[in-house]
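Structure record follows, encoded as structure tokens.
The values are calculated or read from the model by the stated rules, or taken from the named source; none is laboratory data. Worth saying up front: this structure is predicted, and the values here are computed from it rather than measured. Heads up, the Cβs are rebuilt from the backbone with ideal geometry, glycines too, and the neighbour counts pull from every protein chain shown.
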Ligand code: MN
């Protein structure tokens, strides 16, 4: 184990047996070591904190001097402090990491980032607190090892590093403390949202027009209404979403000409994350709304659909905080109730609605509002889905 670590990180000049050293360029042959034959080892406890796995160790044949490997860190795992006599190059291949030079602020490194560590600079590198990180590490050796190990990075040092770098700990990503307001009845704004969504989903522009006026009259801001219709594209597709947004634009213009002052509403209060951070936040939101990690045969069959659900629907869209999650669920319920064949998803979203604090009495009202607007079949599907959801929760 230790010898592999030496190959991986110290690039020992004469590593025993792992691979032949070929020095004569006239006779040396290109070697391809198959992935399946790559050794893997665990980072030694005196050189790393937390779980670290080292793979693809390599040591260039002489006269080459480079050595290294891939180092994968679990969340919060990191190297000890150390130096490299000829410096080091890191290339991040997964996750979000931190690298800190002694006396300087820690820097965040993300997938694709290339980090150059100068010769003899005292430093450490590792995963951020919110998830795993992996990098390729390459260092050249001179007349001895390519790394000199020092003491461990303390928990205090590590915590100060991720805080100053603006990263989130795994605990915050997995267990958000969210307060959901509870009420027995839907307010007028909440009642309008599923109707807007249902008529957008069924492309009934005349009724959508009525529902949009109703929602704006009830106090929905223009931006909240936009959020409802934008979110719907994830459930009913871009054409219907775009058509409905066009209708909203016409309604807003018509109301302005009539002298009605609708509130513009807010934009999201914060920039939405990107990359791995976005996926982590989306997965957290999805897990919370779904009541557990989302998996199953379809997700296993086509993993990319869950990647899109996490990064885009539960990330990009649900991270926009200018429409609350109860409103987002009411919109989804309205759209799904107007979509034949989406019974399973409608039932799932009844459960999700209960999770984000909507009550059964409010969801019954939703069904009644659909019925009152002439959507008898949608109302019936919603009622059935709610009954099934309550039965699944043992609240029937
Ligand atoms: Mn290093």
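Considering the conditions (1) in contact with a helix residue (DSSP H, G or I) (Cβ under 7 Å, 6 or more places away or on another chain); (2) at pLDDT below 95; (3) over 27 Å from residue 127 (Cα atoms), residue 245 is excluded by exactly one of them, (2).
Annotation: residue 368 fulfils all but one of (1) touching a helix residue (DSSP H, G or I) at 6+ places or on another chain (Cβ under 8 Å); (2) surrounded by fewer than 16 Cβ atoms within 10 Å (Cβ to Cβ); (3) closer than 18 Å to residue 289 by Cα; the unmet one is (3).
Where helices (runs of 4 or more DSSP H) sit wholly within the stretch 194-246, those with at least 3 residues that are under 26 Å from the mean Cα position of the chain (by Cα) occupy 222-231, 233-236. For the stretch 127-137, taking the residues that are touching a strand residue (DSSP E or B) at 6+ places or on another chain (Cβ under 8 Å) and more than 10 Å from the ligand (Cβ to nearest atom), the one that is nearest to residue 90 (Cα to Cα) is identified as 136. Looking across 97, 128, one residue alone is crowded, with 17+ Cβ neighbours inside 10 Å, in contact with a helix residue (DSSP H, G or I) (Cβ under 9 Å, 6 or more places away or on another chain) and within 22 Å of residue 311 (Cβ to Cβ). It is 128. Scanning the stretch 158-178 for any residue that is within 16 Å of the ligand (Cβ to nearest atom) and either more than 30 Å from residue 255 (Cβ to Cβ) or modelled with pLDDT of 95 or more (or both) turns up at least one such residue. Working only within the stretch 82-105, note down all residues that are within 11 Å of the ligand (Cβ to nearest atom), in contact (Cβ under 8 Å) with a residue 60 or more places away in the chain and under 16 Å from residue 128 (Cα atoms). Passing the criteria: only 100. Scan the stretch 295-305 and tell me whether some residue there is part of a helix (DSSP H, G or I), modelled with pLDDT under 90 and within 15 Å of the chain's Cα centre (by Cα). Checked the stretch 295-305: at least one residue is part of a helix (DSSP H, G or I), modelled with pLDDT under 90 and within 15 Å of the chain's Cα centre (by Cα). Identify all residues within the stretch 53-79 that are crowded, with 19+ Cβ neighbours inside 10 Å and either part of a loop (DSSP other than H, G, I, E, B) or more than 11 Å from the ligand (Cβ to nearest atom) (or both); write none if there are none. Hits for the stretch 53-79 are 54, 57, 58, 59, 67, 69, 70, 72, 73, 75, 76, 77. Scanning the stretch 267-279 for residues that are surrounded by 13 or more Cβ atoms within 10 Å (Cβ to Cβ), on the phi < 0 side of the Ramachandran plot and in contact (Cβ under 8 Å) with a residue 40 or more places away in the chain yields 268, 272, 273, 276, 277, 278.
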